[in-house]
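The values are calculated or read from the model by the stated rules, or taken from the named source; none is laboratory data. All values derive from a computational prediction rather than experimental measurement. Glycine also receives a Cβ, built like all others from the backbone with ideal geometry; neighbour counts cover every protein chain displayed. Ligands, DNA and RNA are excluded from the accessible area calculation, which covers all protein heavy atoms including side chains. Shrake-Rupley method; radii C 1.70, N 1.55, O 1.52, S 1.80 Å.
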Amino acid sequence: MSGAVVDEPFSVQLERWLESDELKTLGRLTDVFKEKAFAVAVLLLMITPALPLPTGGITHVFEAVTVLLGAEMVAGVKTIWLPSRWRDRELGGTARKALPIMMRRIRSLERMSRRRGAHLFEHDSFIRLLGVVLIAFAIGSAIAPPFSGLDTFPAIGAVGVALAIILEDLFILAIGVAIGTGGVILIFTLGAAVYRLLTGLF
């Protein structure tokens, strides 16, 4: 697969690539998905913490890589740069387990998606702003209390932002930002409540 076919739905392009015989690494995304590579990388990384799957702590690595990718978006970098150990690492079993659920969600959003406000996604300044949002959601997911399930909300927000960039749809962006922001607020609200409880006890 030498590149994404413009007229095909994104879900078809992604599924074909994931089911092909070629090596599935984050470093290959630029060759396959061109200018959408950052968003596709974030989607593949954050879909795991967005789902209630046993991950063995690997999600913190995914969130850290997402923070790095978000920083590159903010800096205006056009090609994904990652340390070689992550650039050339094949997508693992956890991501493969999430694939069926991920594809169903993507197809559902594609059916409701329209290119609303598509011109905004062509501006570097707007993409840089979305990079900041992705960093915030990845950090929010990472700092959520263990076993609380609250990490899923910022992660869903990051997935929504990534899909909005791919589909160029402000409506999906609004949904993603609302869910992610609500999740981050919930995490900090819960954290503050626990802190007050502990300080009251001691």
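When the helices of the chain are scored as -39500 (n - 2.57) per DSSP H run of n ≥ 4 and the total is divided over every residue, the value at 222 nm lands at -21500 deg cm²/dmol. Which entry in (i) 46, 45, 34; (ii) 62, 35, 32; (iii) 72, 67, 33 matches Cα extents along the principal axes in Å derived from the coordinates of this structure? Checked against the structure: label (ii). Taking I101, I187, I143 as the candidate residues, the one with maximal mean-square fluctuation in a Gaussian network model of the chain, Cα springs under 10 Å, is I101. Please work out whether the range 117-202 counts as rounded, prolate or oblate from its C-alpha gyration tensor, where a ≥ b ≥ c are the square roots of the eigenvalues and a/c under 1.5 means rounded, while otherwise a/b larger than b/c means prolate and anything else oblate? Because a/c hits 1.5 or more and a/b exceeds b/c, the range 117-202 counts as prolate. Carbon-plus-sulfur accessible fraction, the range 117-202 (probe radius 1.4 Å, protein heavy atoms only): 76%. Comparing V159, V61, V177 in a Gaussian network model of the chain, where Cα atoms under 10 Å apart are tied by springs, the biggest mean-square fluctuation is seen for V61.
Helix 37-46 axis versus longest C-alpha principal axis of the chain: approximately 40°, rounded to the nearest ten.
A cut-off under 9 angstrom between Cβ atoms defines the neighbours of R115, and their net charge, with Lys, Arg +1 and Asp, Glu -1, is 0. Computed over protein heavy atoms with a 1.4 Å probe, the accessible surface of the chain works out to 51 Å² per residue.
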